[in-house]
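Working notes, beginning with the structure itself.
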Amino acid sequence: AYDLKFTEQIHNLIKSLKISKNVELHEEFIIEKDMFPYFDKAEICLLPYRRATMSGILSHILSRGVPSIISDLEPFVEITKRKGIYFKNGDVNDLAIKAIHLLKNKRMQDKMSQDFRKLADEYSWKNVAKQTFNFYRELLK
């Protein structure tokens, strides 16, 4: 669900930090085929979700290796295996502090990018199929 107050806080923070020329904010739904150019040019990505069970965008970010600041929702933390940087859900200031920290730390960005690509490989259809096959093989022994 769309949280107007949280979105307004993000807009105000972007203005107060005078970073609007460096930020692209997309609040609308973007279909999958149109997402990838954004990921490919992004230095970092912010996922300020308030609620989630699973997000398709997260799997795309992992596969593209985009360093990200992610809401500390349990499904996101679990999927990323604590390899991301998490901000306190709903806390715009925590989000801003962590985004600035990541933007200033190229080594951290590179490490997160590598970690995310490894996770994406681990979650690939090929590896999931292999794990499923091995599970059933063990089960049927």
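The values are calculated or read from the model by the stated rules, or taken from the named source; none is laboratory data. What you see is a predicted model; the values in this text were computed from it and never measured. Virtual Cβ from ideal backbone geometry, glycine too; neighbours counted across all protein chains shown. These accessible areas exclude ligands, DNA and RNA; they are computed on the full protein's heavy atoms, side chains included. Shrake-Rupley method; radii C 1.70, N 1.55, O 1.52, S 1.80 Å.
Odds and ends about this structure:
- Remark: spin-label model distance K104-K5 equals 3.0 nm, labels positioned 7 Å along the Cα→Cβ axis.
- Alpha carbon centroid spacing (whole Å) that separates segment 7-38 from segment 56-113: 16 Å
- Relative packing of peptides 108-118, 60-70 - highest average C-beta neighbours within 10 Å first: 60-70, 108-118
- For segment 1-85, the set of GluC sites (Glu not before Pro) satisfying both a DSSP loop assignment and a count of at most 16 other C-beta atoms within 10 Å is given as E24, E27, E28, E43.
- Of the residues N93, P75, F133, the one whose Cα sits farthest towards the positive end of the charge dipole of segment 73-141 is F133 (charges of +1 on Lys and Arg Cβ, -1 on Asp and Glu Cβ, taken about the Cα centre).
- For segment 1-57, the list of trypsin sites (Lys or Arg not before Pro) that fall in a loop by DSSP and count at most 13 other C-beta atoms within 10 angstrom reads K18, R50, R51.
- Assuming charge only on the beta carbon of Lys and Arg (+1) and of Asp and Glu (-1), the dipole of segment 8-141 about its Cα centre is about 520 debye to the nearest 20.
- Think of a 1.4 Å ball rolled over the protein heavy atoms: the chain then has 70 Å² of accessible area per residue.
- For the chain, the spread of Cα positions along the three principal axes, ordered from largest to smallest, is 63, 33, 28 Å.
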